[in-house]
1. Note the direction-averaged projected area, equal to a quarter of the hull surface, for the Cα convex hull of the chain, in nm².
2. Dipole magnitude of the chain about its Cα centre, charges +1 at Lys/Arg Cβ and -1 at Asp/Glu Cβ only, in debye to the nearest 20?
3. Just to check I understand the Karplus step: with θ = phi - 60° and J = 6.51 cos²θ - 1.76 cosθ + 1.60, what whole-Hz values come out for the stretch 14-27, glycine and proline as x?
4. Can you show me the helix-derived [θ] at 222 nm for the chain, built from DSSP H runs with n ≥ 4 at -39,500 (n - 2.57) apiece and divided by the number of residues, rounded to the nearest 500.
5. With θ set to phi - 60° and the Karplus curve 6.51 cos²θ - 1.76 cosθ + 1.60, what are the ³J(HN,Hα) couplings of the stretch 148-164 in order, to the nearest whole Hz, using x for Gly and Pro?
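Each reported figure results from applying straightforward, stated rules to the coordinates on display, with no laboratory input. In this text the structure is predicted, and so the values were computed from the model without any measurement. A quick note on method: Cβ atoms are made from the backbone with ideal geometry, for glycine too, and the neighbour counts reach across all protein chains shown.
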Amino acid sequence: MTWTAPDVDRDDFSLQLPERDALQAFVTWQRQTLLWKLAGLTGEQLVTRPIPSTSLTLLGIARHMAEVERHWWRHRVAGEDVPSLYVDDDEWTKVDPGHAAEDYRQLLDEWAAVDAVSARYPLDHTFDRRGESWSVRTLYLHLIEEWARHNGHADLLREAIDGATGE
């Protein structure tokens, strides 16, 4: 049987939340937006390169974002000694439709792990980013930007695959 990415709902949230809750809500909404773009597609469709000028795939974006969140929260903020999920940009180039379900699950599992890390640190906590001091607050803003950029890519890819569009 062919695996298909499950349907998802995106959570609405109030814009009147305390700062920390608002930042987390925006990240969560962006995460759910990517899952929404993957919903209903098979592993084969998720690894399709529908736009000739790029090697981007929807599964590659999902794998990349799992790596991004792991890197920032677990490596940079928490200093955990966990291995990278991919090396040498393998998240983009070594996509396999037969592993789509595991890659999808890995993304969800990584979110749970990084959310546990983020909950331990106040917004003013700082960490090193290549000799620069970044706060957790700045990281949230960076991740919202990163998610939004890749969700824009996902919009284009999804439309090219099956014509589905959305916000």
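1. 10.3 nm²
2. 220 debye
3. After applying 6.51 cos²θ - 1.76 cosθ + 1.60, I find 6, 8, 9, 8, x, 3, 4, 5, 5, 4, 5, 5, 5, 5 Hz.
4. My calculation for the chain gives -16500 deg cm²/dmol from helical runs alone.
5. Once rounded to whole Hz, the list reads 4, 4, 6, 5, x, 4, 4, 4, 5, 5, 4, 4, 5, 6, 9, x, 5.
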